[in-house]
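Visitor: I have a structure here, written as C-alpha cells, and I will follow up with some questions on it.
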Amino acid sequence: MPPGPVPAREAGADAERRWLGHGVALRPSSPDGIGHDIVFTESTGGRDLARVEGGENLAQDLAVALLTAPGTDPFHLRFGFDGLQVLTQGLTPPMALEMLRLSVLRTVSVDTRVAEVLDLTLTETVAGSRRWEVNVVLRTVLGDVLRSTIGEVAADG
C-alpha cells in the first residue's frame, strides 16, 4: 500500500517503484492464463528471480487479483475477484456480462495505487466462448495513464 499522498516533487523510476510497487515477475502457466509461474533470468552468478516494478508491477498485481477468490489472502481480505458469484444469479447473458464487468471494475478500483479507472472493456476472445479479455485504461496515483490487458475472465462455470 502506498505510504500516503504523492509529493509533487517526486517523479521518475524511483517514484514508480515506491508508489506502484515492485515484485517478482510472473508469467501465465497455461494457455488459458489460469495460474502463474515465477520467471527466472540467467546471470553471471547463475539463475536469479526476474523482477517487475512500476506500472508493469501494478498490471501484474491486477492480473493476479482476477485469478484470486476474495477473502483467500489472510493479509488483505478485500483482494480478489468475485466474478464467480455472477454465475449463481441466473442472469441473462447481457446482464451477466455487465455484472462481470462491474466485478472487474471493483477489483481494479479497490487497489490503492489506482486513482481512477478511465476505461474498462471486456472483449470476447472467441465468439460464443464466454471468455473475455480484460482491457483497462487507468490513472495511477502518480497521475500516469496505464493501458494494459490484465487478464481474462470466463463464465464457463
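The values are calculated or read from the model by the stated rules, or taken from the named source; none is laboratory data. Bear in mind the structure is a predicted one, so any value in this text is a computation, not a measurement. In this analysis, Cβ positions are derived from the backbone assuming ideal geometry, glycine residues included, and neighbour counts consider all displayed protein chains. Ligands, DNA and RNA are excluded from the accessible area calculation, which covers all protein heavy atoms including side chains. Shrake-Rupley method; radii C 1.70, N 1.55, O 1.52, S 1.80 Å.
Visitor: Any residue at all in the stretch 91-111 that's touching a Gly at 6+ places or on another chain (Cβ under 6 Å) and touching a residue at least 60 places away in the same chain (Cβ under 8 Å)?
Guide: No - not one qualifying residue is present in the stretch 91-111.
Visitor: Further question: Sort out which residues of the stretch 1-47 are within 15 Å of the chain's Cα centre (by Cα) and at pLDDT 80 or above, and write them in order of number.
Guide: Matches in the stretch 1-47: Leu20, Gly21, His22, Gly23, Val24, Ala25, Leu26, Arg27, Pro28, His36.
Here's the yes/no breakdown for (1) of a type in the set (A, V, I, L, M, F, W, C); (2) at pLDDT 85 or above:
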site: Leu66; (1), (2): yes, yes
site: His76; (1), (2): no, no
site: Ser109; (1), (2): no, yes
site: Glu116; (1), (2): no, yes
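Visitor: Could you tell me which of the residues Leu146, Leu118, Leu122, Leu91 is over 12 Å from the mean Cα position of the chain (by Cα), of a type in the set (A, V, I, L, M, F, W, C), surrounded by 17 or more Cβ atoms within 10 Å (Cβ to Cβ) and more than 22 Å from Ser29 (Cβ to Cβ)?
Guide: Exactly one residue qualifies, and that residue is Leu122.
Visitor: Name the residues in the stretch 106-115 that are open to solvent by 50 Å² or more (accessible area, probe 1.4 Å) and farther than 22 Å from Arg17 by Cβ, would you?
Guide: Listed by number, the residues that qualify are Arg106, Ser109.
Visitor: Can you pull out every residue in the stretch 129-143 that is open to solvent by less than 70 Å² (accessible area, probe 1.4 Å) and more than 16 Å from the chain's Cα centre (by Cα)?
Guide: Hits for the stretch 129-143 are Ser129, Arg131, Leu142, Gly143.
Visitor: Please go through the stretch 70-88 and pick out each residue that is more than 28 Å from Leu142 (Cα to Cα), in contact (Cβ under 8 Å) with a residue 12 or more places away in the chain and surrounded by fewer than 15 Cβ atoms within 10 Å (Cβ to Cβ).
Guide: Listed by number, the list holds a single entry, Gln85.
Visitor: Quick check on my filter: what residues within the stretch 12-50 are farther than 23 Å from Gly143 by Cα and in contact with a Ser or Thr (Cβ under 9 Å, 6 or more places away or on another chain)?
Guide: If the condition is that a residue be farther than 23 Å from Gly143 by Cα and in contact with a Ser or Thr (Cβ under 9 Å, 6 or more places away or on another chain), then Ala25, Gly35, His36, Asp37, Arg47, Asp48, Leu49, Ala50 are the ones that fit.
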